[in-house]
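Worksheet: the structure to be examined is printed underneath.
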Amino acid sequence: MYQHQNLISFPPDANRVMSANNNGMMNYVAGYPQEVDVKLKKLAFFDILGTLVNPSLLTPTSSQRLHENTLYFTLSPSQATDIASNRDIRNVSRVDYTVQVQLRFCLMDTTTEQDDYFPPNISVKVNGKQCQLPNPIPTNKPGVEPKRPPRPVNITGNVKLSPLVPNTVQVSWCTEFNRGHVASIYLVKKLTSMQLLQRLKTKGIKAADVTRALIKDKLKEDADCEIATTMLRVSLICPLGKMRMTTPCRASTCSHLQCFDACLYLQMNERKPTWNCPVCDKQAIYENLVIDGYFQEVIASKNLGADSNEIQLHEDGSWSAHVLKSDTQALDTPVKSLMANVEIISDDLVISTKCASSENAANNQGAAEPSSTTGETVDLTLSDSDEDLPLKRKQNSGNSNR
């Protein structure tokens, strides 16, 4: 990693006059931002090689709403060489850089790490050339200005790759009520989804015993619950690619057992970084991803058929391939003697059954006697809108016997 660090530099004849604003904060009236202790969130697809401009507060320069500040930085000889030697010139119309100069904006907030955030009506010129920014996201709300997606800006194409020539970045923007904005510039190395996947594998695989203990905990019988959970049914199909997973993973912050394919998830976020879990839609950032050793063993097992895409998890932490039944077989399954229910627990489909007690059987007129002393598993696949279907079936069966 580079040890060289460029701070904001000013021309020797710059008049740096300071004044206090309404909040008592000192501003550079001449339009030169001041450094602030703001930390931006790490971007998974970029390694920071050096800081060219520390996070600096964009400061108003007049009483008008539109303002302009200028950032200055100079590359070191090694930085300039690194950028020039890591570029792909095969595409004549567009040169791709692996080592990039990256401009980032965020809100002025020192309490937590900040996401990228563009000020309103922002415009950027690098060495006098207009810089392409992410296109604003359209909105149908009247009077609401469209916001740009929160992404860094690659300004490498307009940077002078010389250690002797300073670079200027002119930023014009509009102020927001009760909000300040920060700009910073970094030298970064762009990574690919395959590189991140390899790092994820190198970090280590979550032990199968950890997941096995989680399965036992989920299926642990609750004495206060009328329904005894006997098994969990989990899909081996990735919700993103709709095919069997090869590298099952999930975020450590997720509470469900269902996994998704790490390779597809990283490829999706390489194109459009959202970092939302495809199972529960909660945040699943790269730093929290873990490969699940239990499901990796399941997928590699010889006991899993080529067409078996669902498994059943049992109380002892073991698993078995789920055999799909036809509709006729499912309907012929005697259900009068069972109290059956299907619950969604932490986004996993839970198949739960329990024999009806003698007291409940007496109160439930028209119910047949149990055909055996052991509970039977009822396959019910329900959508969120069909949660009351088991109750309706029980009522219908009772009415038919009257």
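Before moving on, here are some points about what is shown:
- Estimated distance in nm for a label pair at residue 164 and residue 36, the labels positioned 7 Å out from Cα along Cα-to-Cβ: 3.8 nm
- Whole-Hz ³J(HN,Hα) from phi, Karplus 6.51 cos²θ - 1.76 cosθ + 1.60, for the stretch 60-76, glycine and proline x: x, 10, 7, 7, 6, 7, 8, 9, 9, 10, 10, 9, 10, 7, 10, 7, 7
- Computing Rg and the Kirkwood Rh from the Cα coordinates of the stretch 66-146 gives a ratio, Rg/Rh, of 1.03.
- For the stretch 281-294, Karplus couplings with θ = phi - 60° (6.51, -1.76, 1.60), whole Hz, Gly/Pro x: 6, 8, 4, 9, 6, 4, 4, 9, 6, 9, 7, 8, x, 5
- Against the empirical curve 2.2 N^0.38 Å, the C-alpha radius of gyration of the stretch 36-184 lands at a ratio of 1.09.
- Of the GluC sites (Glu not before Pro) in the stretch 264-306, not one is in a loop by DSSP (not H, G, I, E or B) with at most 11 other beta carbons within 10 Å.
- In the structure shown, the pairs 39/160; 39/129; 125/147; 220/242; 41/272 are assessed against 25 Å; a Cα-Cα span above that value is assigned to 39/160; 39/129; 220/242.
- Share of carbon and sulfur in the accessible heavy-atom surface of the stretch 203-316 [1.4 Å probe, %]: 49 percent
- Packing, as the average of other Cβ atoms within 10 Å across residues, places the peptides 71-80, 113-122, 243-252 in the order 243-252, 71-80, 113-122, highest first.
- Calculated over the stretch 160-222: convex hull of Cα atoms, volume per residue (Å³): 232 Å³
- With distances taken between every two different alpha-carbon atoms, the stretch 39-101 has a Kirkwood hydrodynamic radius of 15.0 Å.
- Accessible area of the stretch 23-167 divided out per residue, in Å², using a probe of 1.4 angstrom: 54 Å²
- Percent carbon-and-sulfur accessible area, the stretch 96-149, ignoring ligands, DNA and RNA, probe 1.4 Å: 49 percent
- Ranked by how many other beta carbons lie within 10 Å on average, peptides 42-50, 139-147 from highest: 42-50, 139-147
- Taking amide H as placed 1.01 Å from N in the peptide plane, residue 291 has its amide H under 5 Å from the amide H of 206, each at least 5 places away in sequence or on another chain.
The values are calculated or read from the model by the stated rules, or taken from the named source; none is laboratory data. Not measured: the values here are computed from a predicted model. Because the Cβ atoms are built from the backbone with ideal geometry, glycine has one as well, and the counts that use them run over all protein chains shown. Surface accessibility is based on the protein's heavy atoms, side chains included, excluding ligands, DNA and RNA. Shrake-Rupley method; radii C 1.70, N 1.55, O 1.52, S 1.80 Å.
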